[in-house]
Amino acid sequence: QVQLVESGGGLVQAGGSLKLSCAASGRALSFNAMGWYRQAPGKQRELVATISSGGTTNYADFVQGRFTISRDGAKNTVFLLMNSLKPEDTAVYYCNAVRPFLTYWGQGTQVTVSS
């Protein structure tokens, strides 16, 4: 059984920064990719950023260079550094990890950006 546990969410003013962390526990097998998604009230869950086991990154257009995803492969941990936060970044952020035929999700961490 694999569990993903997010941390680092909270309340921040517009223009501020937060760093999210997601640690995987359970069967110590590597993931093909890890990433972050978010879901705002009344909206569908959307991709924020992903990183492959080889370090290739992919970002949503709305990130616009403000966020950086990184990964500690040895510890199966993924991070999301978010700078220049905007009120529209307010959402629950979910960690995601993928293996062949398997996808895992964390429970989510709330990020609230005040104007």
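The values are calculated or read from the model by the stated rules, or taken from the named source; none is laboratory data. Fair warning: this is a prediction, and the values are worked out from it, not measured in the lab. A quick note on method: Cβ atoms are made from the backbone with ideal geometry, for glycine too, and the neighbour counts reach across all protein chains shown. Areas reflect the complete protein model, heavy atoms only, side chains present, ligands, DNA and RNA absent. Shrake-Rupley method; radii C 1.70, N 1.55, O 1.52, S 1.80 Å.
So how much accessible area does VAL48 have, in Å² to the nearest 10, using a 1.4 Å probe? VAL48 has an accessible surface of roughly 0 Å² with all protein chains in place. Gaussian network model of the chain, Cα springs within a sub-10 Å range: biggest mean-square fluctuation belongs to which of THR103, THR57, THR77? Greatest mean-square fluctuation among the candidates belongs to THR103. Each peptide in 79-92, 61-74 was scored by the mean count of other Cβ atoms within 10 Å over its residues; highest first, the order is 79-92, 61-74. One chain, two ends: GLU46 and LYS86. Fully extended at 0.36 nm per residue, the span grows by 12.8 nm beyond their Cα-Cα distance.
If you take all other residues with their beta carbon under 14 Å from the beta carbon of GLY106, and give Lys and Arg +1 and Asp and Glu -1, the sum is +1. The label point for THR68 and the one for GLN1, both projected 7 Å from the Cα toward the Cβ, are 3.6 nm apart. Here the label points at SER53 and LYS19, each 7 Å from Cα along the C-beta direction, are separated by 2.6 nm in the simple model.
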